[in-house]
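One structure is given below, encoded as structure tokens.
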Amino acid sequence: MKLYLQGDRGKALCEHCQQVVGITYTRRDVPFSDGNGQAREILVGVCDQCATTVAIPPQSTPAIKEARRQQLTSIEARLPAVYLDVLDAAMHSVAEDAGVQMRKLFFSYYFSAPLVPALEQVHDGFAQYLAQQAEVRQIPAVNAMKRLSLKVNHYVAEDLARLLQATRMTQTELLKSLIAQIRLDVLEGGNPAVIADLRQLVRLGL
């Protein structure tokens, strides 16, 4: 791999000028194409005619990835371990090779889906189901908790914010309620259309 230095020159196709132009490698801030954030002071090839960034050398890629990573929003919650077991079981039901990284994909789907009516009642029903199962199986109550940590882009973060506002739930309550809904849709087979959507998303995400 060639190492480019500031001041190096070359040629590249400039979309703005619609022709091959001379370029000079220099350092500048480069905004992301979606308009959300930028990579600062990275080495890029700049068109000598219109000053547009037209080339990014491989050595600048790690800095761009790190800048993009820092634009992600963190979603954190401590949930009863059984809730994450249910979520992971649903993911496995949709795709046997789905790993925990698919949790973000499932939540992203439900954050952007039309609001499910009576979401709190769905969660109440799930809590009652767990209590009944513990009684039937004569299993003592277990309060094991696990941490859920997701890194999402600003689109998913905005979907979550809208859903929180619409439901007036806390973030933890909402996540627990959505897992209860996922159980109904996937593990109980109540929504074949949702299962088909999730299966397609998982295929794209694997």
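Values in this text are rule-based calculations from the coordinates and carry no lab data. Just so it is clear, the model here is predicted, and its values are computed rather than measured. Counting neighbours? That spans all protein chains shown, and the Cβs are built from the backbone with ideal geometry, glycine included.
Here are a few things to note about the model shown:
- Toward the positive end of the charge dipole of the chain, with +1 on the Cβ of Lys and Arg and -1 on the Cβ of Asp and Glu, the farthest Cα among ALA12, GLN71, GLY189 is that of ALA12.
- Computed over region 9-70, relative contact order equals 28 percent, with contacts defined as Cα pairs under 8 Å that lie 6+ residues apart.
- Using θ = phi - 60° and Karplus 6.51 cos²θ - 1.76 cosθ + 1.60, couplings along region 65-74 (whole Hz; Gly, Pro as x): 4, 5, 5, 5, 4, 5, 7, 6, 9, 8
- For region 1-64, chymotrypsin sites (Phe, Trp or Tyr not before Pro) meeting the loop criterion (DSSP other than H, G, I, E, B) and having at most 13 other Cβ atoms within 10 Å: PHE32.
- When its C-alpha radius of gyration is set against 2.2 N^0.38 Å (N residues), region 55-206 gives a value of 1.16.
- Karplus (6.51, -1.76, 1.60) ³J(HN,Hα), θ = phi - 60°, over region 124-141, in Hz, Gly and Pro reported as x: 4, x, 5, 4, 5, 4, 4, 5, 5, 5, 5, 5, 4, 8, 6, 9, x, 4
- Within region 148-206, the GluC sites (Glu not before Pro) that combine a DSSP coil assignment with at most 15 other C-beta atoms in a 10 angstrom radius are GLU188.
- Relative contact order [Cα under 8 Å, 6+ residues apart], the chain, whole percent: 20
- Nearest-ten-degree value, helix 81-94 long axis tilted from longest Cα axis of the chain: 70
- Every Cα-Cα pair of region 131-179 was included, and the share exceeding 13 Å stands at 70 percent.
- In terms of other Cβ atoms within 10 Å, LEU204, LEU198 run from fewest to most in the order LEU204, LEU198.
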